[in-house]
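Below is one structure, written out as structure tokens; comments come after it.
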């Protein structure tokens with residue numbers, strides 16, 4: 001599994017946390033699109049319930065995206081960056097745990113709205129990418145929403161368990177190499193915001 005090869009005594013790295021946060025952002029964004037404009041109208045879900053669930057998903061998506069925005073990452077010293085990273089990781093641990101709790105309901109709703117099973121023979125490309133992961137990368141698909149069925153729920157559970165049981169965390173690779181990784185990550189975040197901010201505002205997000 002991608003990013004799961006670290007020694008078992010190590011906590012997940014800063015890069016791993018950002019990777020899985022971005023995966024969650026991508027999957028939640030898809031769910032928001034589907035809640036907002038269901039592809040099938042002949043299935044039963046009260047508009048009030050759908051809108052309420054969408055509002056909760058948008059709120060979670062917004063909080064994850066805000067926490068991974070590194071515009072304010074300190075650059076004066078490695079110690080300051082490390083302290084900043086630990087604060088971000090602590091916040092992401094809370095949000096990934098919340099995501100893990102939300103995934104079963106999200107999967108059930110998405111299966112209904114897309115008229116698609118989660119496990120195989122998904123009903124179209126959108127459902128396949130959501131449930132089975134982009135390009136068949138199953139650790140990034142939401143699957144059933146339950147960790148025992150693998151995919152993203154299992155990935156997040158493993159991430160949280162390693163954070164709890166790990167004894168140390170390796171430093172940020174880009175800082176060790178002296179590269180400008182935060183700037184590249186900022187550019188990814190800006191592209192995501194440019195693509196999705198207008199849609200999320202129209203779907204009910206309040207900036």
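What follows is calculated from the coordinates using simple rules that are stated; it is not laboratory data. Remember, it's a predicted structure, so these values are computed and weren't measured experimentally. Neighbour counts run over all protein chains shown; Cβ positions are idealised from the backbone, glycine included.
For the ranges 130-141, 79-90, 42-53, what's the packing order if you count other beta-carbon atoms within 10 Å of each residue, average per peptide, and put the highest first?
Ranking, from highest mean packing down: 130-141, 79-90, 42-53.
Given R₀ = 25 Å, what would the calculated FRET efficiency be for residue 62 paired with residue 90, taking r from the Cβ atoms and rounding to 0.05?
Given R0 = 25 Å and the Cβ-Cβ separation, E is 0.85.
For segment 34-112, just the Cα set please: Rg and Dmax, both in angstrom.
Using the Cα atoms of segment 34-112, the pair Rg, Dmax is 17.4, 57 Å.
Would you please give the FRET efficiency between residue 55 and residue 105, computed as 1/(1 + (r/R0)^6) with r the Cβ-Cβ distance and R0 = 22 Å, to the nearest 0.05?
0.95
With a point put 7 Å past each Cα toward its Cβ, work out how far residue 164 is from residue 149 in nm, to one decimal.
My value for the distance between the label points is 2.3 nm.
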